[in-house]
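Visitor: First the structure, which I've put down as structure tokens, then a few questions once you've had a look.
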Amino acid sequence: MIYVTCYFQVHQPNRLRKYSFFDIGHSNFYEDEDKNAAVLRKVAKKCYLPANRLMLELIEKHKGRFRISYCLTGTVLEQMRKYSPETLESFKQLAQTGCVEFLAETYNHSLAFLFSKDEFQRQVRRHMEVIEQEFGQKPRTFRNTELIYNNEVASSVEEMGFSTLIAEGADRILGWRSPNFVYQPEPSAKLKLLLRNYRLSDDIAFRFSNRDWSEWPLTADKFAHWVQDLRGNGETVNLFMDYETFGEHQWEETGIFDFLRNLPERILALPDFGFGTPSEVSRSLAPVAKLDVPDYVSWADVERDLTAWKGNHMQEDALNGVYSLEKPVMETHDTELIEAWRALQTSDHFYYMCTKWFADGDVHRYFNPYDSPYDAYINYQNVLADFERSLKG
Amino acid sequence: MRILMYGWEFPPHISGGLGVACFGMTQALAARGFETTFVLPKLKEGMTRESHVDLVGVSQFPVTSARPRSAREDLEMLKAKVTEIAKNVELKSVDSLLSPYLTEGSYMTELRKLQKIEGEDEQTAQDKEVSANAQGFQMEMSGDYGPNLMAEIARYAAVAGSIANTVPHDVIHSHDWLTVLAGIEAKRVSGKPLVVHAHALEFDRSGENVNQMVYDIERLGMQKADRVVAVSHYTKDIIVRRYGIDPEKVEVVHNAVIRDTYEVPVPDRNKKRDKVVLFLGRITYQKGPDYFVEAAAKVLRAREDVRFVMAGSGDMAPRVIERVAQLGIGRRFHFTGFLNGAAVEKMYLESDIYVMPSVSEPFGISPLEAMRYDVPVIISRQSGVSEILKHALKVDFWDIDELANKILALLDHSALRTEIVDKASKELEGIQWDNAARRLGEIYSAVATA
């Protein structure tokens, strides 16, 4: 059996409000609640609710043979609780089918691993607790923020007891090898690695509605044929993408929901093909080789490295600033302060400060609530200055 | 292709951005094989020799009337001319000051010289009185040259036709309202297509209090032109909305930086001293000096190790000085008056931040100058240059809190400064006159073959 393994990332950032130098010392209120609520409700309407409805329908229709997985960040879970409880409810319904796996990551969708292993583990544990509480399952599979990965991440994750880890199938780490097999991280004894097939994943996530693309329009039939062509050269086809692909990045009018509606049937019609969740796939397949990844990879931009968050002076400065507060923050044992500090670690804050706009400009601008990376930095530093003040109290 | 260009100033004798822009533009056009004849009100020393264009001074051409006309007569002739060209345009009083350049010291000096050569005319005293009444304080700085400027424009336009008759050309290109009538006259004589280039509009200079005659001349020029060139989308928008010109007829060609071999000295900003925040430009309504003062007061309430410098002169200077005194920040706020080239360079080298809070800036070349000296710039969004600069901080001119916020951010965070300065210097390399020349070449071809 060759698996088609789907994992969808669900995340919304906690955007900061316009916070001026002259607010420092006058307001502890950092987030743009109106905007966060409006965006979440909009995305719920366009994507989460209709996509979840469709997924549920497909799972019921295929009687357990259509299996998928999600990773919902702590940040988006909080927003759903506040602004769209019906969305959270629909994810719980999916969990109850027994055909959906929920993955773990850092609760705050942060870059903690790069700065503090302790804080990283605390955020992961916190996320696992919330997932268990909301969806009644203990996560077995881990994905780090934006699929940031190297050997060290693997060691840390194995130490925490995960069986499966997800990473980007970047050419740089694979070389001549195929992403369509299970691998084992170089330092690991048990942990298994699933690598994103970025070509097939991006055919759906990025290229689906692109009329200049020679394969446009993409139909479920055509896609199933491409998957079928991998027979003999793979055991798992890993389709990992943002869930917002369905209805938000690719609007309903592009036919993305019809594509999704037809895909399971076409895949299941192929002899020897079926769906699996990451931990199921890693349980039933043996690793074909060890994979040595000393340098960081991620799924961001063309570089597939860390430069989207940690590529310029401002990002370094802001990141060093927030992580330098770890000790004093933790020593307060003040839950509210700790949470506020963690909310400032969400990777999006630093993504907004990215200045490599000329090559990757489009994606960055689409997701950026600021006019410029400089504005993002200035606003963040003002907020952080106020936070630091209240810390000294 | 041969271009007959009508301009008002040309290096080394310049008072504002117009002359610099004309120089950069004609140089890049020459490199692309265009032969340009550049017409000026008057040729001055040091102009012809090293130039890449044929410079022609209007004063070289014979005056047609039997006796030298007075300024008042010139003015009457101008009115008649405009009325004749545009029968439906109603002309109002012209007894007011006309150009921001009128308040510019260097320009005044040039005009003064010009007038000495031409000799005093008997109407001057009367003109002075009228203008003084109309303009109050402004009169004092600009003196009695307002009416003479109009007279010059009239004479320039009158001679433009005979120049067009003598100089072979394929396209006529005129810069700003000062030369619009000349362009129209040239087109009438030679029948060649006319390109009118808008570097600044009466709405930029005067806000809602437009001088009707200047507005009429500008509009007339754009109506008569085969193609209008705007220095920014910002300016194009005003041309379409305020002058009712068909957007299809207006092309945007951004200005650029003149590439010279001059290497700017490396500034030493590590010396321990007060930080310097610079405003450099005319102290006029258009440049938003009052917003700079208000932001300065806010910054100084947050930190004291900052000095604000306002370099330039203009009709708003007294009001601005008074406001600085009223806010009690005079100890930290300095006025240098008008600065010449060497002093400007020294000022940039001494500055940590450059602010251009313009209320309405068609393009705004000075931030690009500041960037050459590794000074990070804060510019108003109401400027053309903000359309092409990514690595600058931007504010709405009226948002003084945000301006202060950004000044403070640059002072507080060296990472921000480093990032902007690094990226801006690379960005500056890409802002080349050759791009503008290429676009102009396309426009010339389009009108010449139409």
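The values are calculated or read from the model by the stated rules, or taken from the named source; none is laboratory data. What you see is a predicted model, and the numbers here were worked out from it, not measured in a lab. Note: ideal-geometry Cβ built from the backbone for every residue, glycine included; neighbour counts use all protein chains shown.
Visitor: Which residue out of B:Val421, B:Val385, B:Val395 is in contact with a Ser or Thr (Cβ under 7 Å, 6 or more places away or on another chain), of a type in the set (Val, Ile, Thr), closer than 29 Å to A:Asp375 by Cα and not assigned by TED's automatic domain parsing to the domain that holds B:Leu201?
Guide: The unique qualifying residue is B:Val395.
Residue-by-condition table, conditions (1) of a type outside the set (A, V, I, L, M, F, W, C); (2) crowded, with 21+ Cβ neighbours inside 10 Å:
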| site | (1), (2) |
| --- | --- |
| B:Val167 | no, no |
| B:Glu185 | yes, yes |
| B:Asn211 | yes, no |
| B:Glu251 | yes, no |
| B:Asn255 | yes, yes |
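Visitor: List every residue pair whose Cβ atoms lie under 8 Å apart, where the two residues are 6 or more positions apart in sequence or sit on different chains, the first residue falls within the range B:348-360 and is under 28 Å from B:Thr235 (Cα atoms), and the second residue, located anywhere, is among the polar types (S, T, N, Q) and assigned to a loop (DSSP other than H, G, I, E, B).
Guide: B:Ser358/B:Gln382; B:Val359/B:Gln382; B:Ser360/B:Gln382
Visitor: Could you tell me whether A:Arg41 is charged (D, E, K, R), more than 18 Å from A:Tyr352 (Cα to Cα) and assigned by TED's automatic domain parsing to the domain that holds A:Tyr198?
Guide: Yes, satisfied.
Visitor: Follow-up. If you go through the range B:378-398 one residue at a time, how many are more than 28 Å from B:Glu251 (Cβ to Cβ) and in contact with a Lys or Arg (Cβ under 9 Å, 6 or more places away or on another chain)? Spell out the reasoning first.
Guide: Kept after step one, since they are more than 28 Å from B:Glu251 (Cβ to Cβ), are these residues of the range B:378-398: B:378, B:393, B:395, B:398.
Next cut, in contact with a Lys or Arg (Cβ under 9 Å, 6 or more places away or on another chain) only: B:378, B:393, B:395.
Total satisfying the criteria: 3.
Visitor: Any chance you could count how many residues in the range A:221-249 are in a loop (DSSP other than H, G, I, E, B) and free of Cβ contacts under 8 Å to residues at least 12 places away in the same chain?
Guide: Number satisfying all stated conditions: 2.
Visitor: While we're looking at this one, here's another question. Just to be sure I understand, how many residues within the range A:64-91 are modelled with pLDDT under 95 and not small (Gly, Ala, Ser)? Full working, then the answer.
Guide: Kept after step one, since they are modelled with pLDDT under 95, are these residues of the range A:64-91: A:64.
So of that shortlist, the ones also not small (Gly, Ala, Ser) come out as none.
Summing the residues that are modelled with pLDDT under 95 and not small (Gly, Ala, Ser) in the range A:64-91 gives 0.
Visitor: So which residues in the range B:396-406 are facing chain A (nearest Cβ under 10 Å) and touching a strand residue (DSSP E or B) at 6+ places or on another chain (Cβ under 6 Å), if there are any at all?
Guide: Hits for the range B:396-406 are B:Glu402, B:Lys406.
Visitor: Consider the range B:154-200. How many of its residues are in a helix (DSSP H, G or I), among the β-branched types (Val, Ile, Thr) and touching a helix residue (DSSP H, G or I) at 6+ places or on another chain (Cβ under 6 Å)?
Guide: So the count comes out to 4.
Visitor: If you take just the helices (runs of 4 or more DSSP H) that sit entirely in the range A:283-393, which of them hold at least 3 residues that are under 30 Å from A:Leu191 (Cα atoms) and away from chain B (no Cβ under 13 Å)? Working first, answer last.
Guide: Working: elements: A:307-310, A:313-323, A:326-332, A:335-343, A:348-351, A:357-367, A:373-392.
In the range A:283-393, A:307-310 are the helices (runs of 4 or more DSSP H) which contain 3 or more residues that are under 30 Å from A:Leu191 (Cα atoms) and away from chain B (no Cβ under 13 Å).
Visitor: Going by the structure shown, is B:Pro376 within 14 Å of chain A (Cβ to nearest Cβ), crowded, with 23+ Cβ neighbours inside 10 Å and touching a residue at least 40 places away in the same chain (Cβ under 8 Å)?
Guide: The answer is yes for B:Pro376.
Visitor: Among the numbered criteria (1) part of a helix (DSSP H, G or I); (2) surrounded by fewer than 16 Cβ atoms within 10 Å (Cβ to Cβ); (3) not hydroxyl-bearing (Ser, Thr, Tyr), which one does A:Arg211 miss?
Guide: (1)
Visitor: Here is a further query. It is to be established whether one or more residues within the range A:178-188 are of a type outside the set (S, T, N, Q), in the same structural domain as A:Ile267 (by TED's automatic domain parsing), under 15 Å from A:Trp299 (Cα atoms) and in a loop (DSSP other than H, G, I, E, B).
Guide: The answer is yes, given that some residue of the range A:178-188 is of a type outside the set (S, T, N, Q), in the same structural domain as A:Ile267 (by TED's automatic domain parsing), under 15 Å from A:Trp299 (Cα atoms) and in a loop (DSSP other than H, G, I, E, B).
Visitor: Here's something else I'd like to know. Out of the residues in the range B:145-176 that are at pLDDT 80 or above and β-branched (Val, Ile, Thr), state the one that is farthest from B:Gly441 (Cα to Cα).
Guide: Taking the candidates together, the pick is B:Val159.
Visitor: Which ones in the range A:154-172 are among the hydrophobic types (A, V, I, L, M, F, W, C) and surrounded by fewer than 22 Cβ atoms within 10 Å (Cβ to Cβ)?
Guide: Across the range A:154-172, the qualifying residues are A:Met160, A:Ala170.
Visitor: Separate question: When you check B:Ile388 against the structure, is it crowded, with 20+ Cβ neighbours inside 10 Å and either within 14 Å of another protein chain (Cβ to nearest Cβ) or more than 24 Å from the chain's Cα centre (by Cα) (or both), yes or no?
Guide: no
Visitor: Can you find a residue that is in contact (Cβ under 8 Å) with a residue 60 or more places away in the chain, under 22 Å from B:Lys287 (Cα atoms) and not assigned by TED's automatic domain parsing to the domain that holds B:Val359 anywhere in the range B:151-174?
Guide: no
Visitor: I'm checking my understanding of the structure. Among residues of the range B:286-305 that are in contact (Cβ under 8 Å) with a residue 12 or more places away in the chain, over 26 Å from B:Ser360 (Cα atoms) and out of contact with any strand residue (DSSP E or B) (no Cβ under 9 Å at 6 or more places or on another chain), which one is farthest from the other protein chains (Cβ to nearest Cβ)?
Guide: B:Glu304
Visitor: List the helices (runs of 4 or more DSSP H) that sit entirely inside the range B:201-262 and contain at least 3 residues that are more than 18 Å from the chain's Cα centre (by Cα).
Guide: B:212-224, B:233-243
Visitor: Another question, then. If we keep just the residues of the range A:18-75 that are surrounded by 22 or more Cβ atoms within 10 Å (Cβ to Cβ) and within 14 Å of chain B (Cβ to nearest Cβ), which is farthest from B:Lys406 (Cα to Cα)?
Guide: Per the stated criteria, the residue is A:Tyr19.
Visitor: Among (1) more than 14 Å from every other protein chain (Cβ to nearest Cβ); (2) crowded, with 24+ Cβ neighbours inside 10 Å; (3) closer than 28 Å to B:Asp305 by Cα; (4) not aromatic (Phe, Trp, Tyr), where does B:Glu369 come up short?
Guide: Answer for B:Glu369: the failing condition is (2).
Residue-by-condition table, conditions (1) among the hydroxyl-bearing types (Ser, Thr, Tyr); (2) more than 22 Å from B:Ala157 (Cβ to Cβ); (3) in contact with a strand residue (DSSP E or B) (Cβ under 6 Å, 6 or more places away or on another chain); (4) surrounded by fewer than 22 Cβ atoms within 10 Å (Cβ to Cβ):
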| position | (1), (2), (3), (4) |
| --- | --- |
| B:Arg219 | no, no, no, yes |
| B:Ala225 | no, no, yes, no |
| B:Ser232 | yes, yes, no, no |
| B:Arg242 | no, yes, no, yes |
| B:Asp246 | no, yes, no, yes |
| B:Arg259 | no, yes, no, yes |
| B:Val266 | no, yes, no, yes |
| B:Val276 | no, yes, yes, yes |
